[in-house]
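Visitor: Let me give you the structure first, and then I'll get to my questions.
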2 protein chains.
Amino acid sequence: MAARPSDGGTPVAAGDGPVPGGPERTRDADRTRAEILAVATAEFADRGYAGARINEIAGKLSTTKRMIYYYFGGKEQLYVAVLEAAYSRIRGLEQQLDVEHLDPVEAIRELAGLTFDHHEAHPDFIRLVSIENIHRAEHIARSEALSGLANPALDVLGTILDRGWAAGLFRDDVDALDVHQVISAFCVFRTANRHTFGVIFGRDMLDPARRDHQRRVLGDLVVAYLTAR
Amino acid sequence: MAARPSDGGTPVAAGDGPVPGGPERTRDADRTRAEILAVATAEFADRGYAGARINEIAGKLSTTKRMIYYYFGGKEQLYVAVLEAAYSRIRGLEQQLDVEHLDPVEAIRELAGLTFDHHEAHPDFIRLVSIENIHRAEHIARSEALSGLANPALDVLGTILDRGWAAGLFRDDVDALDVHQVISAFCVFRTANRHTFGVIFGRDMLDPARRDHQRRVLGDLVVAYLTAR
DNA sequence: AGAGGTATGTACCAACTGGTGAGTTGACAC
DNA sequence: GTGTCAACTCACCAGTTGGTACATACCTCT
């Protein structure tokens, strides 16, 4: 992720490979857009919306600042595009969840574990979400592509809970969103508050040596709660 | 906490009352410092470190921008002072926790509930913590007043757990910090991620109508987990 | 081949931002 | 009274920031 000045060298594609067109490409709108989005995502996740600098993003591009404004219009629209792309990527991954074949208790434990893995694998996404919350979600609220869309993980959870309730295994004084909130809270907190927690308590919540333990705590937590009494 | 232009009117003290001196005060270092800190706290919590503007803070002061530099040195030092004051205020409140008279199970439920109340009552503090995490806790790590200091809430929790373990009531495959992490995660997430959660799932985690329910979920969650098996 | 729109690079700017130089005023000690 | 220093005001600045005017090169369609 080193800064690469716009030295006119052969640009490296950000994202997918070369288009069927030909071996030598100089003008490629899709590639330019994708590269801007990739660099901007890293920069906004790293510094926040106000802290990110258009000039800094441009400096890390093989193209120029002018292209950011040509394709995205401005800093705010670029940021919204970054959020939309990030959320859509995450939703795509969540759709691959498959725990239907397990009994409800094991399915819940597995879903919690996969959510755990998934959050750990995408710290930049969690940073973007934290940043967007600092801005009171004003950008995603205005984005048609983001507001109101359902969440695959929540659907899966709903199905598991329905089966659990039907079998009389789970307590019925919570709904799917409450349970999802508990799981998300644990997973998000671990990454989002890693740094202050580390400084104050002297323990890195993302320490690989404690990973399995933390993952088990989450599974036990949710299962114990749902099956209690 | 309304914006007050420097209109030369009688300044209202930020913090404590008038000093024994007399009824008319014009020069008062403590009061000026306190006012700057109060306005800066609101501004940094509202906009983040990079988003906050020294000129904006100065505009809301009954004194001038020059005084910010006179008393604090610069934007970053002002921000660190804000963090130190906020953490110290919160620690003071946590020291008032008193659940020693309850049996371990009820003490845990009570501690979780009080932590819940406490987080709900201080959204600005949670915003500051989120903001500081975006900056990877670099400021509190450098602050001697903040790094490494113990946490009263954690001490209380440790005592309760010790009693619970001694009585054979609690599982012993977790430590106090794990449990604290679970409680914090739930409480912090509710406030810190309120906005994106609201936009995406259409439910306000801080809705007063659901407050009691959420508080009960947290209590049940922690108790069910600790007493499981 | 050449018309014409898409894509791109260069140079530049006005407004803002954090920060400061230098002088002024009030309160307290003696 | 007056010396003295902390507390305070005012005007100012240099660097940065998001944004743009303008010229131009490339690719596709005919």
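The values are calculated or read from the model by the stated rules, or taken from the named source; none is laboratory data. Worth saying up front: this structure is predicted, and the values here are computed from it rather than measured. Glycine gets a Cβ as well: all are built from the backbone with ideal geometry, and neighbour counts include every protein chain shown. The area values use the complete protein model at the heavy-atom level, side chains included, leaving out ligands, DNA and RNA. Shrake-Rupley method; radii C 1.70, N 1.55, O 1.52, S 1.80 Å.
Visitor: What nm value, rounded to one decimal, do you get for the distance between A:Arg211 and A:Leu102 when each label is placed 7 Å out toward the C-beta?
Guide: About 1.8 nm separates the two model spin labels.
Visitor: What nm distance separates the two modelled labels at B:Asp204 and A:Gln77, each placed 7 Å from Cα along Cα→Cβ?
Guide: The two pseudo-label positions are separated by 3.2 nm.
Visitor: Applying 1/(1 + (r/R0)^6) with R0 = 41 Å to the Cβ-Cβ distance of A:Asp124 and B:Thr26, what FRET efficiency is obtained, to the nearest 0.05?
Guide: It comes to 0.20.
Visitor: With a 1.4 Å probe and every protein chain left in place, work out the accessible area per residue of segment B:65-179 in Å², rounded to a whole number.
Guide: So segment B:65-179 comes to 45 Å² accessible per residue, rounded to a whole number.
Visitor: Right, something else. Place the peptides A:134-142, A:84-92 in order of packing, highest mean first, counting for every residue the other Cβ atoms within 10 Å and averaging per peptide.
Guide: Values: A:134-142: 18.1, A:84-92: 16.3.
Top of the packing list down: A:134-142, A:84-92.
Visitor: Give the calculated FRET efficiency between A:Arg142 and A:Asp162 to the nearest 0.05, with a Förster radius of 30 Å applied to their Cβ-Cβ distance. Don't jump to the answer; show the numbers that get you there.
Guide: Numbers: r = 34 Å, r/R0 = 1.13.
My answer for the efficiency is 0.30.
Visitor: For A:Arg229, place a label point 7 Å out from Cα along the Cα→Cβ vector, do the same in each other copy, and report the separations in nm, one decimal, smallest first.
Guide: In nanometres, ordered from closest: 2.3.
Visitor: May I pose another question? What ranking of B:Asp172, A:Asp220, B:Asp212 comes out by heavy-atom accessible area, probe 1.4 Å, highest first?
Guide: Ranking B:Asp172, A:Asp220, B:Asp212 by accessible area, largest first, yields B:Asp172, B:Asp212, A:Asp220.
Visitor: If one takes the accessible area of chain B alone plus chain A alone and subtracts that of the pair, with a 1.4 Å probe, what total in Å², rounded to the nearest 100, results?
Guide: Buried surface at the B/A interface: approximately 5000 Å².
Visitor: What does the net charge come to around A:Arg216 if you take all other residues with beta carbon closer than 15 Å to its beta carbon, with K and R at +1 and D and E at -1?
Guide: Result for the neighbourhood of A:Arg216: -4.
Visitor: Output wanted: per-residue J couplings in Hz (rounded whole) for segment B:75-82, from phi through Karplus 6.51 cos²θ - 1.76 cosθ + 1.60, θ = phi - 60°, x for Gly and Pro.
Guide: 4, 5, 5, 4, 4, 4, 4, 4
Visitor: Distance between the C-alpha centers of segment A:109-150 and segment B:208-229? Whole Å please.
Guide: A separation of 24 Å, based on Cα centres.
Visitor: Below 16 Å Cα-Cα, how many Lys pairs turn up in the protein assembly as shown? Only count pairs eight or more apart in sequence, or on different chains, if you could.
Guide: 4
Visitor: Quick check: convex hull of the Cα atoms in the protein assembly as shown, volume per residue, rounded to a whole Å³?
Guide: 185
Visitor: Threshold 40 Å², probe 1.4 Å: give the residues of segment B:191-214, in number order, that are less accessible with all protein chains present than with their chain alone.
Guide: B:Asn193, B:His195, B:Thr196, B:Phe197, B:Val199, B:Ile200, B:Phe201, B:Arg203, B:His213
Visitor: Now a separate question. Quantify, in whole percent, the carbon and sulfur part of the accessible surface of segment B:52-145 (1.4 Å probe; protein heavy atoms only).
Guide: Here it works out to 50 percent.
Visitor: Got a sec? Which residues of segment B:117-155 lose 50 Å² or more of accessible surface with every protein chain in place, vs. that chain alone, 1.4 Å probe?
Guide: Residues shielded by partner chains are B:Arg127, B:Asn133, B:Ile134, B:Arg136.
Visitor: How large is ³J(HN,Hα) for each residue in segment A:84-97, as worked out from phi by the Karplus curve 6.51 cos²θ - 1.76 cosθ + 1.60 (θ = phi - 60°), to whole Hz, x for Gly and Pro?
Guide: 4, 5, 5, 4, 5, 4, 5, 4, x, 5, 5, 5, 7, 4
Visitor: Can I ask one more? How far is A:Leu93 from itself in the other copies, in nm, if each label sits 7 Å out from Cα along the Cα-Cβ line, shortest first?
Guide: 3.4
Visitor: Right, something else. Treat segment A:56-148 as a sphere of radius equal to its Kirkwood radius over Cα pairs and apply Stokes-Einstein at 37 °C in a medium of 0.692 mPa s; give the translational diffusion coefficient in µm²/s, rounded to a whole number.
Guide: Calculated translational D: 210 µm²/s.
Visitor: Highest mean first, how do A:195-207, B:188-200 rank when packing is the count of other Cβ atoms within 10 Å averaged over residues?
Guide: Averaged packing, sorted descending, gives the order B:188-200, A:195-207.
Visitor: Once phi is turned into θ = phi - 60°, what whole-Hz ³J(HN,Hα) does the Karplus curve with 6.51, -1.76 and 1.60 give for every residue of segment B:195-201, x standing for Gly and Pro?
Guide: Listing the rounded values in order: 6, 5, 4, x, 5, 7, 10 Hz.
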